[in-house]
Amino acid sequence: MERIRVNLEKTRNDSYGIYVGHGILDHLRLIHRIQDYVDRYVIITDSVVNPLYGKTVKDKLQEAALPVDIIEIQAGEPSKSIGTVLDVVKKLMNLKASRKSFLIALGGGVVGDLTGFVASIFKRSIPYVQIATSLVAQVDSSVGGKTGIDLAEGKNLLGTFYQPKAVFIDLSFLKTLSDRDFKNGLAEIIKYGIISDEEMFELLEQEKDAIFNRQPALMKTLVERSCKIKANIVEADEQEGGLRRILNFGHTLGHAVEAASDYRLSHGEAVAIGTVAAARISHILGYLDDQSCKRIVHVIKQYGLPARIPAGFSTKEILAFMASDKKAVGAKLHFVLIKKIGDPFVTDEVPPDIITDVIEELRT
Ligand SMILES: NC(=O)c1ccc[n+]([C@@H]2O[C@H](COP(=O)([O-])OP(=O)(O)OC[C@H]3O[C@@H](n4cnc5c(N)ncnc54)[C@H](O)[C@@H]3O)[C@@H](O)[C@H]2O)c1
């Protein structure tokens, strides 16, 4: 028997910059320096963001004297679908996009996840950047290269790890964001505070009014600190083999109530409920002191996020969704718990009756 070896040992540099601040759009010309031999730019954006910012971004990119086109998708989670992927690919073909074309994701997490996915598979991959316009995208989804779409069977079931070439975060985008979407982003910022940054958690406790008013300097601090935390975790564990799983704090129960609500609860609202559950489980199992647990519940409530499971969901139903979640490895559910604010760990040792008790407690 012959053995022919395919030598593919390689070092690849996928590093990239996250540009955060006010007026970042004025620096978009940086994109032209990221990649040589680009033949055209295609902005992928949604039906809410396009009328607000599509033309501004297009005009800025046109400075390079290359063709710039816009593909608009319907705003909202249902667009993270295989149908939209095929539609976008068809439009890219009509635009004669090639392997030298460059995608610009202009929008929130839906546009970012979808564009990253298309970029990773179109003509066996083309480069893309993220221009993050929602708070969720600015603190979470635009960084780390997780791309994906949903299937009828569940969220994010098809996807790739494919890093953007850069991330642009202009905090001025936040001015037009709805309160509900703003709060969704705050839920993720609270999560970062709990898993990694007690000082930022304290800032969240102390500066409620200024944060609600989207005070620019404070928002810059929160977004920058969140991006740094996410970047550090992604650097250590790009493909979620270990450490990156701590980013799922609040998500084990969060995903289940989100799915059980048929996505009427937003992701941020669901993660807020999951955060309370994770704090309660941490306390009941003797890891987290009572005062820290109460502080977490207080911060969630302070930002108008739900701390309890709304009426209409049965414990059985929630447990069933938890069991079918892709994070349930084997028969055991993985939870991210904390020993104190800033000190998380992953465990599959939470006794089932404690999970049931906490769901019951949060339902009453
Ligand atoms: N890839 C990751 O690591 C990761 C992490 C977290 C979340 N996600 C995904 O991100 C998605 C949620 O992201 P999202 O909350 O940004 O949702 P989204 O993209 O649907 O944006 C929410 C709404 O805000 C609108 N919007 C965005 N920017 C705006 C602005 N500046 N002004 C006015 N309206 C604006 C959008 O049009 C949309 O209607 C989910 O699909 C989730 O799975 C991915």
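Structural remarks
- The listed residues are Leu174, Leu186, Leu151, Leu157, and the only one of them that is hydrophobic (A, V, I, L, M, F, W, C) and within 8 Å of the ligand (Cβ to nearest atom) turns out to be Leu174.
- Within region 123-137, the residues that satisfy the criterion of being assigned to a loop (DSSP other than H, G, I, E, B) and more than 8 Å from the ligand (Cβ to nearest atom) are Ser125, Ile126, Pro127.
- Test: residue in region 273-290 that is free of Cβ contacts under 8 Å to residues at least 60 places away in the same chain, crowded, with 22+ Cβ neighbours inside 10 Å, assigned to a helix (DSSP H, G or I) and not hydrophobic (A, V, I, L, M, F, W, C): yes
- If the condition is being modelled with pLDDT of 95 or more and over 14 Å from Ile169 (Cβ atoms), then region 15-38 contributes only Ser15.
- Of all residues in region 212-226, those that are within 14 Å of Tyr303 (Cβ to Cβ) have Cβ atoms under 6 Å from Cβ atoms of residues that are part of a helix (DSSP H, G or I), 6 or more apart or on another chain, in Arg214/Leu174; Leu218/Ala210; Leu218/Ile211; Met219/Leu171; Leu222/Ile189.
- Note on region 317-360: residues that are loosely packed, with under 14 Cβ neighbours inside 10 Å and modelled with pLDDT under 90 amount to 7.
- Which listed residue, of Ala217, Ala231, Ala187, is modelled with pLDDT of 95 or more, buried (at least 22 other Cβ atoms within 10 Å of the Cβ) and hydrophobic (A, V, I, L, M, F, W, C): Ala187
- Residue count for region 148-181, restricted to those that are modelled with pLDDT of 95 or more, closer than 30 Å to Ser324 by Cβ and of a type in the set (Gly, Ala, Ser): 2
Let's see how each residue does on (1) over 22 Å from the mean Cα position of the chain (by Cα); (2) within 19 Å of Thr176 (Cα to Cα):
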site: Val42; (1), (2): yes, no
site: Asp46; (1), (2): no, yes
site: Tyr53; (1), (2): no, yes
site: Thr56; (1), (2): yes, yes
site: Asp59; (1), (2): yes, no
site: Pro67; (1), (2): yes, no
site: Ile70; (1), (2): yes, no
site: Gln74; (1), (2): no, yes
site: Lys80; (1), (2): no, no
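- Looking at Arg33, Arg3, just one residue is in the same structural domain as Gln130 (by TED's automatic domain parsing) and over 26 Å from the mean Cα position of the chain (by Cα), and that residue is Arg33.
- Of all residues making up region 263-285, the number that are of a type in the set (D, E, K, R) and either outside the structural domain of Val358 (by TED's automatic domain parsing) or more than 16 Å from the ligand (Cβ to nearest atom) (or both): 1
The values are calculated or read from the model by the stated rules, or taken from the named source; none is laboratory data. All figures in this text were calculated on a predicted structure; none of them were measured in a lab. Here Cβ is always computed from backbone atoms with ideal geometry, including for glycine, and neighbour counts include all displayed protein chains.
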